[in-house]
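All remarks here apply to the structure that follows.
The values are calculated or read from the model by the stated rules, or taken from the named source; none is laboratory data. Just so it is clear, the structure is predicted and the values come from calculations on it, not from any experiment. When we count neighbours, we look across all protein chains shown, and the Cβ atoms used for this are built from the backbone with ideal geometry, even at glycine. To get the accessible areas, we keep the full protein, side chains included, count just its heavy atoms, and leave off ligands, DNA and RNA. Shrake-Rupley method; radii C 1.70, N 1.55, O 1.52, S 1.80 Å.
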Amino acid sequence: MKGSRKQTVNSTKMHSLNLAFVDSYFRKRIPGFMNVNTLSAINLERLIETMRDAYAKSSVPNKVQQRSYEGDITNAAISGHHYPINTQTIKPFPYTHKPFGYNVLDFNPDTGEFIVYNKQEWNENNYYKSVTQGKSSLPSLMQYVPMGMEIEVIYRNNAARYMQCDECREYDEDHEVELETFCENADCNSDDVSNDLSNLAANPRVKAYKFLAELNIAFGSVTKNSEPVWIVKNDATVDLEYVSMPMTLRAWRAGLELADYLFQSFKVASEWSKAFYGPCGGHIHLDKDVFNNTYQYYAFLSMHYDNPKFIAAIAQRPIDSNSQWCYLQKPNEFAKYAKHKLRSPNRGAVNVSNTTIELRYFRSNLKIDRLLKNLEFAQSLFHYTSQLTYQDIARDKAHNLKYYLLWIKAYRNTYSNLFKYLVERKWIKYTERKNQGWQLVIGDDYLLHPDHMEINNIENNNGGSW
């Protein structure tokens, strides 16, 4: 992880751009988070080598969790503040612990490196100017809103209430039934409690620390003295809460893909824990200061309050009497509420505090495509509403859901996980056959307007209700 974009390229290590240092599957996924060129390919190879070396040496940031002390585990040596991976157990911080300050993690797709910058620099619109001294400006960074994430999990087979595997639970949720589907998986419909600590590698608390270590390494925090990128906290409603520092969507894509390629972190984590379970949530935090345009902020909140069914679909949650998360009661005097950025009157699906906007409605998940779908939704909604003017909102009602869905079609390659999900769930009708797709029409004012036939198709879609 670097604080400068200056690069030193060793000409003797110039490789062809066939990315031979990775397997064919990952090679196909690299263009999803990185622009492949000579410099980025070299840096990615070095980054992967560094991450593998860090994992082998258990080189994990000292501050990822509460400190361990010699003597806790017999015949084990401390590595920094903690025991080695596959030996160390998880030691969560208190719920109130907030270590990240104003730092934000970014990934430069042109150079293939993680970079940490100060959030205040982003707010002042001068980050790359200050880092590069005007030599190589990247204004595209300003399009990406910093997003922090919380992933809540519970241990498998910890109590009789955890009776379904994630696949069966998700299937039931999608079909609006409860506890009807059970597979042949040993973790499904089992309440066998195992607290045997003799085999530490099999202990879920050891695996929980392993997951934490892998996340930090995969997101570029690879030394004992590095600042952590992920920590873990205690949470009264679940067993553990994994909390990230704020990151751009570019960093999220790179880190999640690297975690999957190097360690299969989320697949392994799903074997000892559950996230897609009733009490578990996956929250996304946005800095309230990024909404410096009142019209954008108004439109961003309206998209939530005016479309509860759509938000429930994005969240992968049902709407019923037990869905306290889905309390989306629009505040009184909403325009005044948005203009002055007042605190939320209740802690509902969208919780606005003095400094942050917390999107609390997502169901927790350990599937990378679903996590990216959630992040892409938050980023895309910020992106879409940032383009709206007062006239767009007041005259054209551009903050209506049907226009946002048409916009997602136009940006389907930028937000591919979200687009695929909305097509699967029938919120968007789409075909790649020629002359049967969609279109946008340029009007007299040279603004893009949706085709009216396509609007009717969206309104008649089984997934939506307007």
- Message: Take the conditions touching an Asp or Glu at 6+ places or on another chain (Cβ under 8 Å), small (Gly, Ala, Ser), surrounded by 16 or more Cβ atoms within 10 Å (Cβ to Cβ) and over 15 Å from residue 305 (Cα atoms) and apply them to residue 386. Does it pass?
- Response: no
- Message: So the check is Cβ under 7 Å with 6+ separation or different chains; which pairs have a first residue in the range 290-313 that's farther than 15 Å from residue 331 by Cβ and outside any helix (DSSP H, G or I) and a second one that's open to solvent by less than 20 Å² (accessible area, probe 1.4 Å) and not β-branched (Val, Ile, Thr)?
- Response: 291/297; 291/300; 307/401
- Of all residues in the range 187-231, count the ones that are part of a loop (DSSP other than H, G, I, E, B) and at pLDDT 55 or above. 14
- Task: Would you mind finding the one in 388, 375, 366 that is hydrophobic (A, V, I, L, M, F, W, C), part of a loop (DSSP other than H, G, I, E, B) and closer than 24 Å to residue 289 by Cβ?
- Result: 388
